[in-house]
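One structure below.
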Amino acid sequence: MMASAQRPEVVVIGAGISGLCAAYELTNNANEISPRVTVIDAAHRVGGNIQPLDFGSRVLDGGPDGVLARRPEFLQLCSELGIASDIVPIAARGAAVYARGVLRPLPDGLIMGIPTDTAALQASKILSRRGFLRVLRDRFAPVPSSRGALQDRAIGNLVGTKLGKEVVATLVDPMLGGINAGRVSEMSAAAVYPPLLAAAQERGSLMAALKAQLPTPGQDGADEETPAFQSLYSGLFSLATTLKDLLASRGVTFLLDTAITDVRYNPKVAPCWSVNSLETTTRADAVIVALPAARAAALLRDLDQELSALLSTIETASVAIITMEVSEGTLAFPETGTGVLVPPETPLPNGDFAGERFLMTALTFLDRKWPHLKKPGTFLFRVHMGRSDDERTLTMSDEELVARACEELRLLTGTPPDLLNVSVTRWPASLPQYQVNHLMRVAAIEQGAQRSPGLFVAGNSYTGIGVPACIASGRTAGSNARHLLTQGR
Ligand SMILES: Cc1cc2nc3c(=O)[nH]c(=O)nc-3n(C[C@H](O)[C@H](O)[C@H](O)COP(=O)(O)OP(=O)(O)OC[C@H]3O[C@@H](n4cnc5c(N)ncnc54)[C@H](O)[C@@H]3O)c2cc1C
């Protein structure tokens, strides 16, 4: 493919962290002629899900508030941007689960919610006696594994077969399903937690096989002192603004408040791509579509129906987050830990909504995780609501969501919260669901994109939902596009 001029043009659609990182990588090599880059976003500001939340006198993170420290991409990017000194490690460990009517601390030895320490599990009293005995069977008479290699399987199915349904419902679904606002009955082991797929195909105990895969302390940075998560003192949202400022100084153009409606390719003209909104057309030699897959599907429908159909198979979940501040000590939360998990099918035991399922999926204790957010005498936390199979938040008003959260908090702690400050943030269709055979779908999408020279996709729908995976996805797309334009594919 020929670049149209000395400086090729690239359009990045989407200014979430994936799109910003794609633009960063496109303009990151001082030794080459950088492409001219335009970043286009429908929203008024950059960052996508990474957004600030005005909360009283403070600005908090409205979306993601911490990143997995085990992956290197966040630290690497912060170092390159000169903001590594702004990184703050998480200050709390452990969590509780609402199990059998009580908040109970999670036991040691959980790997993605899957127990590996039966003594700790028994002491936690999280499972019924019957549920615990079913787990114990894995140690003494494990259920045989399937014959032949599995390409993929639902996490719920793999764990349920080996350890029973109760452990899935009470621990694995709230923990692993909860992170992605999905259900482990649908979730791909190969895409979300490949070590589980491997361990479940071992002959004997699943717990032993999983444990054997864990790095021993001292290896792979695995030690008690290494924090699991990190954030930024200035808020994770500041990563997006830092990137935007740097990109602007490199000459990148930002076109905000511009919703792209379609993308066209005509090899007979140069530049061969046109990226269209209702009011604008931007021409380019290459296009990086850094949008959630369903949005990408809509833009690419006329260009490649097969690719568009594949993209639209990646479903999303809608969630709402209610940030609350109460007087310290007024709610009977566990004294330590990062928060509380609520298993998906848990019914409300009494009150106005008795018998309905909890809408809350988790609580996270913001100022315990990040003590620099602490205000003396107050307690700051978030209530997470909604999952892939629970879209009730979409039809409820903010007032209804807050009232419902207060009632559910009353049931968990015995007291309704006396709110000093509250804010509702909605995230419709924001969390992609990696269902069984997700990796096959992604491989087909990547192949499909290659049918149109100069088209690349990036974002949280493909190879990881967390911020570090999105940084990697964006940088890879940016680097591939730059390589194509400077050296040919
Ligand atoms: C509530 C919530 C909490 C989360 N918490 C964490 C966490 O604590 N840690 C973690 O690692 N990850 C977390 N995640 C996941 C992580 O934040 C996201 O996966 C990541 O930010 C996605 O980045 P992205 O750039 O791929 O997509 P997005 O952030 O979705 O960006 C896509 C951009 O495309 C724009 N756009 C959409 N359609 C169009 C169009 N037609 N034309 C132009 N622009 C368009 C949007 O405006 C948006 O700016 C969380 C996600 C959510 C929703």
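Data overview
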{"item": "Residue, farthest from Phe55 (Cα to Cα), within the range 295-331, restricted to residues that are among the small types (Gly, Ala, Ser) and surrounded by fewer than 17 Cβ atoms within 10 Å (Cβ to Cβ)", "result": "Ala309"}
{"item": "Residue within the range 67-83 that is under 30 Å from Ala169 (Cα atoms), of a type in the set (Gly, Ala, Ser) and within 18 Å of the chain's Cα centre (by Cα) present", "result": "yes"}
{"item": "Some residue of the range 26-39 being more than 30 Å from Thr378 (Cβ to Cβ), within 12 Å of the ligand (Cβ to nearest atom) and buried (at least 24 other Cβ atoms within 10 Å of the Cβ)", "result": "yes"}
{"item": "Flag if Gly337 is free of Cβ contacts under 8 Å to residues at least 12 places away in the same chain and either assigned to a loop (DSSP other than H, G, I, E, B) or not hydrophobic (A, V, I, L, M, F, W, C) (or both)", "result": "no"}
{"item": "Among the candidates Val11, Val59, Val88, residue that is out of contact with any helix residue (DSSP H, G or I) (no Cβ under 6 Å at 6 or more places or on another chain), loosely packed, with under 15 Cβ neighbours inside 10 Å, of a type in the set (A, V, I, L, M, F, W, C) and in contact (Cβ under 8 Å) with a residue 40 or more places away in the chain", "result": "Val59"}
{"item": "Qualifying positions in the range 44-85 - among the small types (Gly, Ala, Ser), in a loop (DSSP other than H, G, I, E, B), modelled with pLDDT of 95 or more and closer than 25 Å to Asn421 by Cβ", "result": "Gly62, Gly63, Gly66"}
{"item": "Search result, residues across the range 445-458 that are under 14 Å from Ile314 (Cβ atoms) and surrounded by fewer than 18 Cβ atoms within 10 Å (Cβ to Cβ)", "result": "Glu446"}
{"item": "Out of Leu411, Leu420, Leu401, sole residue that is aliphatic (A, V, I, L, M), within 30 Å of Val102 (Cα to Cα), within 16 Å of the ligand (Cβ to nearest atom) and buried (at least 16 other Cβ atoms within 10 Å of the Cβ)", "result": "Leu401"}
{"item": "First in the range 346-375 and among the β-branched types (Val, Ile, Thr), second anywhere and at pLDDT below 95, Cβ under 9 Å, 6 or more apart", "result": "Thr361/Gly177; Thr361/Gly178"}
{"item": "Some residue of the range 459-474 being within 14 Å of the ligand (Cβ to nearest atom), assigned to a strand (DSSP E or B) and either crowded, with 19+ Cβ neighbours inside 10 Å or at pLDDT 95 or above (or both)", "result": "no"}
{"item": "Contacts under 6 angstrom Cβ, first residue in the range 416-430 being within 15 Å of Pro64 (Cα to Cα), partner acidic (Asp, Glu), 6 or more apart", "result": "Val424/Asp398"}
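The rows are residues; the columns are (1) more than 9 Å from the ligand (Cβ to nearest atom); (2) farther than 30 Å from Leu68 by Cβ.
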| residue | (1), (2) |
| --- | --- |
| Gly235 | yes, no |
| Thr253 | yes, yes |
| Asp285 | yes, yes |
| Ala290 | no, no |
| Ala296 | no, no |
| Leu300 | yes, yes |
| Thr316 | yes, no |
| Ala320 | no, no |
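The values are calculated or read from the model by the stated rules, or taken from the named source; none is laboratory data. None of these values were measured; they are calculated from a predicted model. Because the Cβ atoms are built from the backbone with ideal geometry, glycine has one as well, and the counts that use them run over all protein chains shown.
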